[in-house]
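Chemist: Here it is, the structure, as structure tokens.
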Amino acid sequence: HFAALFNSTSTMTRHVPIQEPKGNVSYGLQKGRKVTKYTQKSQAPQQKKGQLGKRTKFVRSVVREVAGFAPYERRCLELLRIGADKRALKYCKKRLGTHKRAKAKREEMQGVIVAQRKVTKPAADKKE
């Protein structure tokens, strides 16, 4: 009679239920509070930091138009016009303090030269 209890597998039960937990339970693979997954819909503000806005771009263009270039920027433009790119970079670095800022300023000044050439080229075509 005693041996029959241990031989019979139908009477033995598990202490943990086999089915999937229904909700907030503290056991099993899916334990813990049921929550909805967070999906980021829009770009977080810190991701947009440093991007140039429309208003700031407009204000800077107006200031550039009214005030013109700083003396060191004019010298940098002259150096770039004669083809001394490396000298212009060294000059900007001396004035601005860091290599990164100097490279950015040199690129900006090269863009200015390209824009000036675009403006003067159609004017030259109209005269002919």
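The numbers here are math on the coordinates, done by the rules we state, and not lab data. None of the values given here were measured: they were computed from a predicted structure. Glycine also receives a Cβ, built like all others from the backbone with ideal geometry; neighbour counts cover every protein chain displayed.
Chemist: Using only the alpha carbon atoms of region 19-77, find the Kirkwood hydrodynamic radius as the inverse mean reciprocal pair distance, in angstroms to one decimal. Kindly include the intermediate steps, with their values, before the conclusion.
Modeler: Numbers: mean 1/r = 0.0573 Å⁻¹.
Value: 17.5 Å, from the Cα pair sum.
Chemist: Go through 76-88, 49-61 and give me the packing order, highest mean Cβ count within 10 Å leading.
Modeler: Values: 76-88: 15.0, 49-61: 8.8.
Ranked by mean Cβ neighbours within 10 Å, highest first: 76-88, 49-61.
Chemist: Something else: Suppose every K and R has +1 on its Cβ and every D and E has -1 on its Cβ; what is the size of the dipole of region 64-127 about the Cα centre, in Debye to the nearest 20?
Modeler: Numbers: 20 positive and 7 negative charges, 53 e Å.
The calculated dipole for region 64-127 is roughly 260 debye.
Chemist: Still on this structure, I have one more. So how long is each side of region 22-128 along the principal axes, counting just the alpha-carbon atoms, biggest first, in Å?
Modeler: Principal extents (largest minus smallest coordinate, Cα): 83, 37, 24 Å.
Chemist: Roughly how many whole Å is it from the C-alpha centroid of region 30-82 to that of region 93-118?
Modeler: About 17 Å separates the Cα centre of region 30-82 from the one of region 93-118.
Chemist: Additional query: Could you sort out which of LYS41/LYS118; LYS41/LYS105; LYS86/LYS126; LYS57/LYS86; LYS100/LYS126; LYS48/LYS105 sit more than 32 Å apart by Cα distance in this structure? Spell out each step's value before the answer.
Modeler: Details: LYS41/LYS118 42 Å; LYS41/LYS105 36 Å; LYS86/LYS126 35 Å; LYS57/LYS86 28 Å; LYS100/LYS126 40 Å; LYS48/LYS105 22 Å.
Over 32 Å apart, Cα to Cα: LYS41/LYS118; LYS41/LYS105; LYS86/LYS126; LYS100/LYS126.
Chemist: Between GLY53, VAL66, LEU80, whose Cα lies farthest towards the positive end of the dipole of region 49-103 when Lys and Arg beta carbons carry +1 and Asp and Glu beta carbons carry -1, centred on the Cα centre?
Modeler: GLY53
Chemist: Still on this structure, I have one more. In a solvent-free Debye calculation with one equal scatterer on each Cα, what is log10 I(q)/I(0) for region 54-104 at q = 0.24 Å⁻¹, listed in the order of the q values?
Modeler: Log-scaled intensity ratios, in q order: -0.90.
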